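To start, the structure under review is shown below, and the notes come after it.
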Amino acid sequence: MTENKSGDTMSPIKKQIAEILKERENTADFSAEAYLHSERIDRRKRGITLIVSIIVGVVLAGISLCPELFGLSETSIPFISKIVAFISLGVAFSSVFDSIFGWSENIASYQYAFKAWKSYRQESRWFRKNQLNWMSDDDAKSNAEAFNMKYYMLVRSLPPNSLTGKTFLKFEKAYYLKRDISKRLDDDHYLNIDREWDGIGSRNK
């Protein structure tokens, strides 16, 4: 067994392992944020649909309560039954759209994927920072293989996110801008984030 337990140096094998782990941690973070962005998009769609359904129900209920404002007869249909019917219709529309597009189901799956990638990144980073340099090369390779298997298991098992085309490109650009600014904040805690965001964004257009 090859031993290298020095806290000051790292063998070539462990350096290579550390580089691979760090690269996959970055990929995991990117994937997690992509799922989070997908969740926000579907949550927004579901919310807008619900709001529109409620507004439609309220407007129709208003017609029932004050039919004279719309040139309708008060005695056409009892207004209470109309209110119940129209509000129920609005909720039904919201439920139908949610069922058709699967927003609630997608949101749950995106949340799970986000947590899975974040968990992988945290575990890998902790191992790379706190354990890797203090174990033998053989043990390092064994642990690296375990992380390798977990990484590809997540790639194969997690559902695809909903980012396509321009949406993905916009997300990717924003993600790397945020990382760049985060690195700048490490050196300058008084950095003007808004100004840096606008400046970096204009240079990358």
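The values are calculated or read from the model by the stated rules, or taken from the named source; none is laboratory data. As the structure is a prediction and not an experimental result, all values here were calculated from the model. Quick reminder, even Gly has a Cβ in these numbers, built from the backbone with ideal geometry, and neighbours come from all protein chains shown. Just the protein is used for accessible areas: all its heavy atoms, side chains included, with ligands, DNA and RNA removed. Shrake-Rupley method; radii C 1.70, N 1.55, O 1.52, S 1.80 Å.
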| To the nearest 10 square angstrom, what accessible area does ARG44 show with a 1.4 Å probe? | 140 Å²
| request: Pairs to check: LYS22/LYS150; LYS15/LYS141; LYS15/LYS129; LYS150/LYS178. Give those whose C-alpha atoms are more than 23 Å from each other in this structure. | output: LYS150/LYS178
| message | Can you give the local net charge around LYS166? Use residues other than it whose beta-carbon is closer than 13 angstrom to its beta-carbon, Lys and Arg +1, Asp and Glu -1. | response | +1
| message | Using a 7 Å offset from the Cα along the Cα-to-Cβ direction at both ASP138 and ARG179, what is the distance between the two label points in nm, to one decimal? | response | 3.6 nm
| note | Mean Cβ-within-10 Å packing, highest first, puts peptides 46-53, 32-39 in the order 32-39, 46-53
